[in-house]
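Take a look at the structure below.
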Amino acid sequence: MNEQYPQQPQPGWGGSRQPAGAPTPQPPKKRRVGKIVGLGCAGLLALMVVVAVAATSMNGDSDSTDTGKKDKAVTAEEQVPAGGASGKDAEGERTPGTKTRAEEFRACVAESGTPTEKEAVTHVTKVTGADKRNDIFDSADVFTDFSGGLTGPHTGEGKLIASAFTSCYESENGLVTVYDEDGELLATANY
């Protein structure tokens, strides 16, 4: 029986079949897959919490008189006075001296833009999101009367409009997106 099942020396029992001076073999390394998977899951959970907090702070206003309107963005029909008040009187009529966000944007480019930017900005029909800033993720949309989308003939003008927007508005972490008349993407830029 001893020939079939030779006994292996066990550590600490005094028997060693290794030649003197030979290094002792290292035990096999333990796999730490569970530890890696656990830390990866914890990282994903932490990332989801950060995104949820950022989204909540972007959507949450400190104004407790919010009536639940879907979006407070100013459209071409809504007028905004240069001072920032509502721009409409009690009957909802436009008050003198008010401008839309698109008109304010065109005026800013007319004041400080290049000739090609000034020409491209004449096609802007609506600007939304330029008045809301929280410096976490500011997102503004510029709508134009161009057609063709990203692969169409007006991509260059879209890039000029995005560039002009970055000259007029500032944010630590903002993104402006320029759309054509069908709502297709023309250009984007960080501002």
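What the table below lists for this structure:
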{"quantity": "Count of the range 171-189 residues which are under 12 Å from Ser139 (Cβ atoms), outside any strand (DSSP E or B) and under 12 Å from the mean Cα position of the chain (by Cα)", "calculated": "1"}
{"quantity": "Breaking point among (1) more than 30 Å from Val50 (Cα to Cα); (2) surrounded by 14 or more Cβ atoms within 10 Å (Cβ to Cβ), for Asp182", "calculated": "(2)"}
{"quantity": "Matching entry among Ala130, Ala107, Ala102 (being touching a helix residue (DSSP H, G or I) at 6+ places or on another chain (Cβ under 6 Å) and at pLDDT 50 or above)", "calculated": "Ala130"}
{"quantity": "Failed condition for Thr188, given (1) within 24 Å of Ala54 (Cβ to Cβ); (2) open to solvent by less than 50 Å² (accessible area, probe 1.4 Å); (3) at pLDDT 90 or above", "calculated": "(2)"}
{"quantity": "Filter result (within 15 Å of Val121 (Cα to Cα) and either free of Cβ contacts under 8 Å to residues at least 40 places away in the same chain or assigned to a helix (DSSP H, G or I) (or both)) within the range 144-159", "calculated": "Asp145, Ser147, His154, Thr155, Gly156, Glu157, Gly158, Lys159"}
{"quantity": "Filtered residues of the range 149-165 (kept if open to solvent by 40 Å² or more (accessible area, probe 1.4 Å) and over 15 Å from Thr114 (Cβ atoms))", "calculated": "Leu150, Thr151, Pro153, His154"}
{"quantity": "Qualifying residue in the range 16-24 (condition: at pLDDT 65 or above, open to solvent by 80 Å² or more (accessible area, probe 1.4 Å) and in a helix (DSSP H, G or I))", "calculated": "no"}
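The values are calculated or read from the model by the stated rules, or taken from the named source; none is laboratory data. All values derive from a computational prediction rather than experimental measurement. Using ideal geometry, Cβ is built from the backbone for each residue, glycine included, and neighbour counts are taken over all protein chains shown. These accessible areas exclude ligands, DNA and RNA; they are computed on the full protein's heavy atoms, side chains included. Shrake-Rupley method; radii C 1.70, N 1.55, O 1.52, S 1.80 Å.
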